[in-house]
Amino acid sequence: MTLNSTLAAVTERIILRSEVTRAGYLDRMGAARGKGPARAHLSCSGQAHAYAASGTDQQALAQATTGHLGIVTAYNDMLSAHQPFETYPALIRDAVRLAGGTAQVAGGVPAMCDGVTQGEAGMELSLFSRDAIAMAAGIALSHNVFDAAVFLGVCDKIVPGLVIAAQAFGHIPAIFLPAGPMTSGLANDEKAQIRQKFAAGKISREELLMAEMAAYHGPGTCTFYGTANTNQMLMEFMGLHLPGSSFVTPGTPLREALTMEGAKRALSLSALGNSYTPVCDILDEKAYANGIVGLMATGGSTNLLIHLIAMARAGGIILDWQDFADLSEAVPMLAKVYPNGLADVNHFHAAGGLGFMIAELLKAGLLHPDTRTVAGEGLEHYTQEPFLSADGLTFRPGPGQSLNDAVLRPADAPFQKTGGLKRLTGNLGTAVIKVSAVAKQHQVIEAPARVFHDQEEAKTAFKAGELTGDVIIVVRFQGPKANGMPELHSLTPFLGILQGRGQKVALVTDGRMSGASGKIPAAIHVVPEALDGGPIARIRDGDLLRLDAVQGTLEVLTESAMERDPATADLSTYQHGIGRELFSLFRRSVASADEGASVFGD
């Protein structure tokens with residue numbers, strides 16, 4: 001199949017834009033790989049320290065002739081998605097011993113749950129946690145004793161942070177091992193309705209809690225298609241998971257077999273074997289283009305419009321929002337998973353999942369087929385699915401057709417002809433919007449502004465009955481420099497109530513929305529942010545705004561608005577408490593959202 005012309009053009013543009021930075025990165029990786037197996041260069045004292053607690057593995061480690069695998073884990077048992085990782089190190093050690101190698105936990109990284117911190121001060125650390133995770137993983141691998149690595153992480157900032165770190169050590173192979181989604185609980189649309197009833201004062205907090213616990217009820221990733229599950233999709237599209245492994249539920253024999261196989265595969269890809277495949281060779285410009293295609297085809301999380309840019313820059317690759325916008329126009333949306341539909345990721349996986357989708361996109365010329373992956377040369381490997389036979393873990397061709405076309409469709413009969421995300425431009429700056437779950441009649445909103453400086457002010461106005469007409473809610477001073485760019489997902493229930501009353505309603509913010517953002521049109525990640533004096537800081541209550549997701553524009557129509565001085569805000573309450581004082585350096589040095597909102601330079 002001929003490669004789609006837009007995909008070819010965008011990829012070539014990325015290659016040209018990244019020529020200098022990518023060459024410098026690859027030169028650094030080449031120098032690192034030229035030093036050979038790392039631990040052989042350590043002093044005897046250094047090696048003794050590294051192997052002291054390794055028991056029966058000490059002799060093999062000292063000989064330095066067998067592969068040594070480093071495990072970087074984001075395990076904690078507060079995150080349901082990460083709780084299964086508690087048992088992974090033992091499984092991994094056993095697997096690589098059978099293959100003649102050794103493994104150690106190189107280190108742990110922090111992992112926070114955005115579901116817990118939504119609407120709370122801790123959410124202001126969420127985005128910055130990505131870069132903290134990257135640094136922590138870098139420290140873990142800095143002992144320089146490993147021939148390959150496996151990364152254990154799933155959720156929102158954790159996978160992007162680990163990918164950034166993996167590229168810093170891009171001269172060694174790496175595989176990402178997921179935990180899989182929890183089994184299906186309370187239906188996501190029913191959960192959303194209960195949240196709206198609580199926001200409207202129609203049910204008690206006890207009833208709300210019972211519903212939430214019926215939805216989030218066991219080990220594994222939350223089952224809606226938010227940032228965590230978008231991360232898992234990306235790891236397959238970009239070749240860092242084993243094929244078909246993203247959405248296999250925890251605690252099953254297949255999940256355990258995939259974990260063990262992933263560990264053995266990572267070791268087999270090291271410089272000590274015959275199939276040396278370092279991360280720097282996998283995560284190239286084509287891999288990132290494929291990741292963007294996957295984001296559009298699945299209607300994935302808006303958070304990846306920031307994370308993919310930061311991840312790519314760690315490998316010397318420069319993406320921008322126009323790349324996403326152009327690919328969104330060319331890539332059809334093939335999946336309907338909540339909040340874009342009623343199904344959850346378990347239904348999506350059962351319908352044919354990523355294997356079917358990747359096969360469809362390859363046939364349509366919408367993916368680069370010739371990328372390197374941990375499964376071998378070519379993305380065709382990811383049209384397969386894993387299963388257990390009498391001989392153990394085996395891979396077979398995935399289904400040739402969708403088993404549920406209400407959830408998953410072929411490329412020639414998509415849910416819509418374009419992707420789920422769009423870029424907005426205009427006199428308010430640049431922003432992005434997720435349109436995959438927004439009904440057509442809500443994709444163009446023209447209404448007066450109501451301006452707030454934090455989400456609590458907006459919720460207070462709603463509870464006071466002040467938001468009675470058509471309105472575009474503006475929540476500013478929520479950018480990365482102001483307060484770490486928190487998600488504003490706790491606004492969703494009351495915005496849904498306003499929309500349900502028949503009001504025209506939208507959100508404009510320099511903050512983020514959750515990966516689960518849905519039916520409310522939301523222009524987010526507005527750049528320049530208010531703290532930088534961006535146009536969003538000039539808006540006043542009553543200004544007429546227009547959000548047009550069809551034409552891709554975001555404008556203030558009040559002529560005098562741009563002549564005003566930008567507003568200022570008292571940000572002192574964002575500076576301290578719940579650990580925020582520890583991240584003042586991040587707030588001072590962070591890049592803008594369209595550059596990845598990262599504290600790392602090029």
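The values are calculated or read from the model by the stated rules, or taken from the named source; none is laboratory data. Small disclaimer: the values here were computed from a predicted structure and weren't measured. Ideal geometry is used to build each Cβ from the backbone, glycine not excepted, and the neighbour counts take in all protein chains shown.
Quick grid of which residues meet (1) crowded, with 24+ Cβ neighbours inside 10 Å; (2) of a type in the set (Gly, Ala, Ser); (3) in a helix (DSSP H, G or I):
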position	(1), (2), (3)
PRO493	no, no, yes
ALA506	yes, yes, no
ILE520	no, no, no
LEU531	no, no, yes
Practice item. Kindly provide the set of residues from the stretch 180-217 that are under 25 Å from the mean Cα position of the chain (by Cα) and at positive phi, ordered by number. Key: GLY180
Exercise for review: Output the residue which, of all residues in the stretch 198-224 that are in contact with an Asp or Glu (Cβ under 8 Å, 6 or more places away or on another chain) and not small (Gly, Ala, Ser), is farthest from VAL248 (Cα to Cα).
Suggested key: PHE198
Check your understanding: Filter the stretch 245-275 for residues that are touching a strand residue (DSSP E or B) at 6+ places or on another chain (Cβ under 7 Å) and charged (D, E, K, R); which is farthest from PRO397 (Cα to Cα)?
Key -> ARG265
Review point. Where residues in the stretch 553-563 are at pLDDT below 95 and surrounded by fewer than 16 Cβ atoms within 10 Å (Cβ to Cβ), which of them is nearest to the chain's Cα centre (by Cα)?
Key: MET562
Practice item. Restrict the check to the stretch 217-239 and report whether at least one residue is in contact with a Leu (Cβ under 9 Å, 6 or more places away or on another chain), crowded, with 17+ Cβ neighbours inside 10 Å and part of a loop (DSSP other than H, G, I, E, B). Key: yes
Check your understanding: Out of the residues in the stretch 535-552 that are hydrophobic (A, V, I, L, M, F, W, C) and in a loop (DSSP other than H, G, I, E, B), which is nearest to the chain's Cα centre (by Cα)?
Key -> ALA549
